[in-house]
Amino acid sequence: MCRPCWTASGPRAASRRSRRTLPASAQLQERWLPALATLPELVSPEALLGQEALEAAIEPEVLALGRHRGRLLALPLITGSIGMIANTDVLARAGVEALPTTLDAFRAALMRCATVCRMRCPSPWPRRTRIPSR
């Protein structure tokens, strides 16, 4: 079994296939899934670990990141999310009763704050953190 190949994994895997020296595993960006999906040597994580075990351990939305044309080909190493911090006083002054839970609701609340407060009140969301000079 060869070591995992991490550097330039997508092009390297395609190149190594022609030499019949594919690594046992590789870390890839999801953009390489369509190109490597045709490799007959590619084994689905479901075949190795079992579909039930994967679905019990990993959220369906996260598993979907490793699917290509319905077939699970990879397991995401990392995923990201966006969090929001709100100034509820500003939102209340603008008439926004509930914290937004979608990007559309966030945009609508932001527009409401901009219209109602007319920049007289602070933004409901921090723009950035200032680092004091030393």
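The values are calculated or read from the model by the stated rules, or taken from the named source; none is laboratory data. Here the structure is a predicted model, which means the values were calculated and not measured. So basically every Cβ, Gly included, is an ideal-geometry build from the backbone, and we count neighbours across all protein chains shown.
Of everything in the range 1-58, what is closer than 15 Å to LEU77 by Cα, at pLDDT below 85 and either surrounded by 11 or more Cβ atoms within 10 Å (Cβ to Cβ) or among the small types (Gly, Ala, Ser) (or both)? Give them in sequence order.
Matches in the range 1-58: PRO4, CYS5, TRP6, SER9, SER25, ALA26, GLN27, LEU28, GLU30, TRP32, LEU33.
Do any helices (runs of 4 or more DSSP H) lying entirely in the range 33-87 carry at least 3 residues that are over 20 Å from THR101 (Cβ atoms), and which ones are they?
33-36, 45-49, 51-57
Tell me yes or no: at least one residue of the range 59-81 is at pLDDT 80 or above and over 21 Å from the mean Cα position of the chain (by Cα).
no
Can you spot a residue in the range 100-109 that is in a helix (DSSP H, G or I), at pLDDT below 85, of a type in the set (A, V, I, L, M) and loosely packed, with under 15 Cβ neighbours inside 10 Å?
Yes, that holds for at least one residue.
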